[in-house]
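The values are calculated or read from the model by the stated rules, or taken from the named source; none is laboratory data. Source: prediction; values computed, not measured. In case anyone asks, the SASA skips ligands and DNA or RNA and just uses the protein heavy atoms, side chains included. Shrake-Rupley method; radii C 1.70, N 1.55, O 1.52, S 1.80 Å.
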Amino acid sequence: MITIRISTIIQRPIAEVYAYLANYENDVRWRTGIVKMQQSSDGPAKAGTSVQEIITFMGRRVVIQAEVAVAETNRRTALRSISGPVKARGKRLFEKQYSGTRFTYQLSLEPTGLLGILSPIIDYFLRKQLTKDIASLKQQLETASHTLLTA
């Protein structure tokens, strides 16, 4: 199993950070390799919301169907794959901090077969890319206008 957990402090109120990141369709703006994210409902996801994720991975286009398992406003969201090449779970945690919001992104994958053999390599590259993505997200949110985050 691969588990990657990355945290950062974003200098924005928790309600703005949550509103932006609980809408999975915004992932195309900050996650590398995301071609499309489409939710079954608009705005912040709710438990039971379906999400279709189209990514490029190792030079291939991959479609993942997922479902939001948990959505607690200003606290956390959790997504789990229901179809795709690997079992995946993602968590997004939001904690109020004196100077903004601590955002924690956790991704867990259960690769099998050849992907299982390549787990150490996949872990390395995903961790490296997600670290860059979270840094980019932090910069985007800290420099965005309030209306962009809540629209």
Keeping all protein chains in position, work out how much accessible area I117 exposes to a 1.4 Å probe, and write it in Å² to the nearest 10. 130
How large is the accessible surface per residue of the chain, computed with a 1.4 Å probe and reported in Å² as a whole number? 55
Reported label for calculated Kirkwood radius over Cα pairs in Å given (i) 15.7; (ii) 15.2; (iii) 14.7: (i)
Quick one: pull the percent of accessible area on the chain belonging to carbon and sulfur, 1.4 Å probe, ligands and nucleic acids left out. 54
Counting each DSSP H run of 4 or more residues in the chain as -39500 (n - 2.57), what helix-only mean residue ellipticity at 222 nm follows after dividing by all residues, to the nearest 500 deg cm²/dmol? -8500 deg cm²/dmol
